[in-house]
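The structure under discussion appears below in the form of structure tokens.
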Amino acid sequence: MNTDFSQYDIFFELTPDLVCIAGFDGYFKKINPAVKEVLGYSYEELYSNPIHHFIYQEDKENTAKERSELLKSTPLVNFENRYVTKSGEIVWLSWTSQPVTKDQIIFAIARNITQKKELEADRNSLLTNLTEINKDLRHIGHMTSHDLRSPVNNLLSIYELIDYSKITDKETLELMEIFKMSCEDLRDKLNVYSKELREKQSLYIPFKEIDLQKLVKKVSKSIYSLLKNSKATVVTDFDELPKITSNSTYLESIFLNLTTNSIKYKKAGADPVITISCKRVEGKIHLTFSDNGLGFDLEKVKDKLFGFQQTFHRNEDSRGIGLYLVYNHVQSLGGTIEVESKVGEGTTFRIILNSQELQ
């Protein structure tokens with residue numbers, strides 16, 4: 001059948017996509033240059049071979065089914081299939097087609113979505129890997145919290161067996177009480193983490209009202225010996241904003257890590273002084289932690305400051321995890337963190353949280 005396609009020429013000129021007119025017999029009748037460029041065949045090859053010749057083998061059956069529906073005057077919208085180029089590469093095309101029964105032809109436009117498909121495949125692969133990693137991490141978390149509780153409970157049991165009537169030294173009794181308190185605190189933390197691992201099935205972070213002074217007392221109690229041995233002083237100023245609404249687990253970890261960090265990097269010859277305050281500034285919550293420790297050169301550390309396992313002082317107890325945890329907790333709470341520091345003059349961490357997320 002001879003058909004004059006001159007009236008359709010403008011259709012080919014208006015789009016950079018792959019445009020073609022195909023016959024009901026399964027052959028290309030007219031194609032624009034984009035078809036030739038994408039598939040890599042000559043015009044002669046494209047016109048002399050049936051269209052299914054260029055389709056990827058695994059997609060031929062499904063394409064044939066869609067084509068049979070198309071021939072029944074059912075338009076085809078966003079149908080995706082794969083074609084094989086002359087060089088052997090596979091390209092993904094998304095077709096929108098409209099049959100014209102009286103002329104026994106089909107108008108079709110296709111977009112090359114190969115890059116999109118490759119990105120989707122990479123994303124799916126990444127999600128699969130992350131899912132497996134998360135599963136492994138949860139398993140390790142469960143195992144750690146479960147296995148550590150037994151020796152902690154055993155230590156507490158041993159503590160209960162001690163006959164204190166035979167201990168007369170006041171300092172020894174005080175140390176034993178600190179030992180018990182530390183073990184109980186460790187047990188409580190393990191129970192909390194174990195519960196969160198069991199219940200946390202979504203990204204939802206529970207918030208509640210937190211008394212900041214009580215939180216500082218709780219953290220100080222858990223590191224009583226560290227504070228005492230280092231002769232550290234914790235000064236608080238919560239007069240303006242004594243309570244905020246936040247996640248207690250994250251906030252306690254932030255307070256703990258920033259406090260122990262200040263003690264860990266104390267300046268030689270100077271007792272650590274840690275100042276913690278909370279105020280409302282321009283509608284936002286500002287939690288500030290300042291110390292008189294070693295400090296560091298911000299120009300040198302730059303983006304490494306909150307990196308995983310990044311350390312900036314020669315301290316055998318440094319693991320580079322504390323600030324990494326602090327940064328991620330703050331991010332999870334929807335906040336930001338600012339740092340001011342000078343070598344030998346101490347460091348200030350300012351945690352900024354949006355008021356609307358805390359009310």
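Of note:
- Selected residue [surrounded by 14 or more Cβ atoms within 10 Å (Cβ to Cβ) and either modelled with pLDDT of 90 or more or of a type in the set (Asp, Glu) (or both)] from PHE312, PHE306, PHE289, PHE296: PHE289
- Among the residues of this structure, SER277 does not count as one that is in contact with an Asp or Glu (Cβ under 7 Å, 6 or more places away or on another chain) and outside any strand (DSSP E or B).
- Of all residues in the stretch 277-293, those that are touching a residue at least 40 places away in the same chain (Cβ under 8 Å) and in the same structural domain as LYS267 (by TED's automatic domain parsing) have Cβ atoms under 6 Å from Cβ atoms of residues that are buried (at least 18 other Cβ atoms within 10 Å of the Cβ) and of a type in the set (Lys, Arg), 6 or more apart or on another chain, in GLY293/LYS266.
- When the stretch 246-299 is limited to residues that are of a type in the set (Val, Ile, Thr) and farther than 18 Å from ASP211 by Cβ, the one that is farthest from the chain's Cα centre (by Cα) turns out to be VAL273.
- Residue satisfying condition, being part of a helix (DSSP H, G or I), surrounded by 14 or more Cβ atoms within 10 Å (Cβ to Cβ) and of a type in the set (D, E, K, R), within set GLU61, GLU37, GLU45: GLU45
The values are calculated or read from the model by the stated rules, or taken from the named source; none is laboratory data. The structure displayed is predicted, hence computed values, not measured ones. Glycine gets a Cβ as well: all are built from the backbone with ideal geometry, and neighbour counts include every protein chain shown.
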